[in-house]
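Visitor: One structure is given below, represented as structure tokens, and several questions about it will come after.
The values are calculated or read from the model by the stated rules, or taken from the named source; none is laboratory data. Quantities reported herein were computed from a predicted structural model and do not represent experimental measurements. No Cβ is skipped: glycine too gets one built from the backbone with ideal geometry, and neighbour counts run over all protein chains shown.
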């Protein structure tokens, strides 16, 4: 409840918890002054005060602390009420929209995964079948040639055919089901970290921020390492010659992933301080052949999402210039927890 000049008259416990301020901190002070993100509401507050008409705003981005704290996304409704003394007061109702947006985003990622699987298989089959014929023809031709220089060309054809077969195999993904066992996620991350350090430059820092309370979880070692490596290599390309990459783990309670409710999730994050995902790619990032990098195949994220999905998990991301985080979510079995 706000006064004429938007000073806080009353905040219920739900509002205190939502915005992270107590009613004592808010009392008598202007809401936009105390909670910086609500300054975006100022024109709406003035409109409701001056006209007496209610107004609502969906998905208002609210930042209560400096970066890297996550922002809140709120649905807001404004209305006018009169106190017993006849004084006009503004009623501001706020609801956390983050969960709804998260579920909408998850549905979009799952739709991309379904479309990706179909496209991947079609592309893979279309590539593999003619490549076998091309390689066989090059082998037959090589046997009929006497010139070493001409044989170099046929060997080039065979090498390129083999490379494209490997590409097609990556498109199709591993045919086998996950060979899962109880594994320590940090051991897998350390393996990937050493590979990235070996590939990277001296001025690229690869840091660790591990949660020691994370239990062992049921994973296929090879498949998960490949998914982690795809994300880590993307981060390495994003930061270029100078930058910072962080490997982070957390236990996430009471979240939803792939429409399954789990008591606990293992969250594995790979963060970089690169320029961020280009705006034009954000809605299609997990489709195959979508890439913002010159020379990239556009397969890394599509394959990684497929491999994580085989563990009933999901990859999601958030990105802005200077901070991009790809987050792998894996369910933790209750007996492991």
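Visitor: Could you pull out the residue among 117, 88 that is at pLDDT below 75, surrounded by 11 or more Cβ atoms within 10 Å (Cβ to Cβ) and assigned by TED's automatic domain parsing to the domain that holds residue 58?
Guide: The unique qualifying residue is 88.
Visitor: Something else about it: Among the residues of the range 300-320, which ones are assigned to a loop (DSSP other than H, G, I, E, B) and either surrounded by fewer than 20 Cβ atoms within 10 Å (Cβ to Cβ) or in the same structural domain as residue 73 (by TED's automatic domain parsing) (or both)?
Guide: 310, 312
Visitor: Return the residue satisfying two criteria in turn: it lies in the range 4-14 and is in contact with a strand residue (DSSP E or B) (Cβ under 7 Å, 6 or more places away or on another chain) and buried (at least 18 other Cβ atoms within 10 Å of the Cβ), and of such residues it is modelled with the highest pLDDT. Quick ask: steps written out before the conclusion?
Guide: Filtering the range 4-14 for residues in contact with a strand residue (DSSP E or B) (Cβ under 7 Å, 6 or more places away or on another chain) gives 4-9.
Of the ones still in play, those that are also buried (at least 18 other Cβ atoms within 10 Å of the Cβ) are 6, 8.
Values: 6: 74, 8: 81.
Within the range 4-14, the match that is modelled with the highest pLDDT is 8.
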